[in-house]
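One structure below.
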Amino acid sequence: MDSVEQLRDEVVACRLCPRLVEWRERVAREKRASFADEQYWGRPVPSLGDRHAELLVVGLAPAAHGGNRTGRMFTGDRSGDWLFRAMHRAGYASQPESVARGDGLRLTGAHVTAAVRCAPPGNRPTTAERDACLPYLERELELFAAAPVIVVLGGFAYGVVARLTGLRPRPKFGHGVEAVLPGGRTLICSYHPSQLNTFTGRLTEEMLGAVFGRARAIASTVAADRGGQR
């Protein structure tokens, strides 16, 4: 029987994509000057969070000097700073920042993952690399089938989740766009908290916070309905 632990072990050991293996390991050797004294993770990055999550958050891929360095999704980069601040305000994260494994961050009611598990050059995985990673996310979606809400960060993650869940018709991606997936789960779209989006004001703290506030409201309604059916 599949489990979160089994999936994690398989992800961390994966070497399916030669370009990604070469890149993640080269970055881990050469390092960024500001992290020269740190030991980089340099492997596929496992997801993190609560195994009883009501919310599944799906990003694009780890950052070369973020998750690829720290070994934890959205940890140690500015995208993660934005994400975990928003999740903290919504009550999903124990603290508003995530700088390293072992920093005390705990997620309650939420699980964070990505469409691709290795840092890609230029943050752009190829189609083949995306497809090689699809089975991992597909299994994760099944493991967290009871989670009533999925938040996708960016159009890439939206396309992958829509494909895996069989979403038809597929609404045009946009911040705050919602869709009901086959089986009844709610999908909420958000712009990715990348520096391109946050520095230009395309995504604001209020916009990202609203997405997680909406996710919390939907999950609470579903939990109340399920409780009333007992």
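The values are calculated or read from the model by the stated rules, or taken from the named source; none is laboratory data. This one's a predicted model, so the numbers in the text were calculated from it and none came from an experiment. Here the Cβ positions follow ideal geometry from the backbone for every residue, glycine too, while neighbour counts run over all protein chains shown.
Remark: VAL45 matches the filter, which requires a residue to be at pLDDT 95 or above, more than 17 Å from LEU208 (Cα to Cα), in contact with a Gly (Cβ under 9 Å, 6 or more places away or on another chain) and buried (at least 24 other Cβ atoms within 10 Å of the Cβ).
Selection within the range 179-201: residues that are free of Cβ contacts under 8 Å to residues at least 12 places away in the same chain and out of contact with any Phe, Trp or Tyr (no Cβ under 6 Å at 6 or more places or on another chain). The member of this set that is surrounded by the most Cβ atoms within 10 Å (Cβ to Cβ) is LEU196.
Checking each residue in the range 69-85 for being under 19 Å from GLU54 (Cα atoms) and either basic (Lys, Arg) or surrounded by fewer than 24 Cβ atoms within 10 Å (Cβ to Cβ) (or both) picks out only ARG85. Listed by first and then second residue, the pairs linking a residue in the range 91-111 that is in contact (Cβ under 8 Å) with a residue 60 or more places away in the chain to a residue that is among the aliphatic types (A, V, I, L, M) and part of a loop (DSSP other than H, G, I, E, B), with Cβ atoms under 7 Å apart and 6 or more places separating them unless they lie on different chains, are GLY109/ALA53; ALA110/ALA53; HIS111/ALA53. You will find that of VAL45, VAL57, the residue that is in a loop (DSSP other than H, G, I, E, B) and touching a residue at least 40 places away in the same chain (Cβ under 8 Å) is VAL45 and no other.
If you go through the range 14-26 and keep only what is more than 15 Å from ALA61 (Cα to Cα) and either without any contact (Cβ under 8 Å) to a residue 12 or more places away in the chain or over 21 Å from the mean Cα position of the chain (by Cα) (or both), you end up with ARG15, PRO18, GLU22, GLU25, ARG26. Specify the residue that is nearest to GLY91 (Cα to Cα); the eligible residues are those in the range 156-212 that are within 14 Å of the chain's Cα centre (by Cα) and of a type in the set (S, T, N, Q). Checked the range 156-212; the qualifying residue nearest to GLY91 (Cα to Cα) is SER190. LEU20 passes every criterion in (1) part of a loop (DSSP other than H, G, I, E, B); (2) surrounded by 20 or more Cβ atoms within 10 Å (Cβ to Cβ) apart from (1). For the criterion of being among the small types (Gly, Ala, Ser) and modelled with pLDDT under 95, ALA224 passes.
With respect to the conditions (1) of a type in the set (Lys, Arg); (2) closer than 13 Å to ALA115 by Cβ; (3) modelled with pLDDT under 95, ARG230 lacks only one, and its number is (2). Among the conditions (1) surrounded by fewer than 23 Cβ atoms within 10 Å (Cβ to Cβ); (2) modelled with pLDDT under 95, the only one that SER98 does not satisfy is (1). Of GLY166, GLY176, all but one fail to be over 25 Å from GLY109 (Cβ atoms) and either in contact with a helix residue (DSSP H, G or I) (Cβ under 9 Å, 6 or more places away or on another chain) or loosely packed, with under 13 Cβ neighbours inside 10 Å (or both); the exception is GLY166. Taking the criterion of being more than 26 Å from LEU196 (Cβ to Cβ) and free of Cβ contacts under 8 Å to residues at least 24 places away in the same chain, the only residue of the range 147-166 that qualifies is GLY166.
Based on this model, can you work out whether ARG117 counts as over 18 Å from GLY49 (Cβ atoms), among the charged types (D, E, K, R) and part of a loop (DSSP other than H, G, I, E, B)? No, not satisfied. Any chance the range 150-160 includes a residue that's modelled with pLDDT of 95 or more, closer than 24 Å to ASP50 by Cβ and in a loop (DSSP other than H, G, I, E, B)? There is at least one residue in the range 150-160 that is modelled with pLDDT of 95 or more, closer than 24 Å to ASP50 by Cβ and in a loop (DSSP other than H, G, I, E, B).
Only a single criterion out of (1) farther than 30 Å from GLN6 by Cα; (2) among the hydroxyl-bearing types (Ser, Thr, Tyr); (3) out of contact with any strand residue (DSSP E or B) (no Cβ under 8 Å at 6 or more places or on another chain); (4) buried (at least 18 other Cβ atoms within 10 Å of the Cβ) is not satisfied by TYR136, namely (1).
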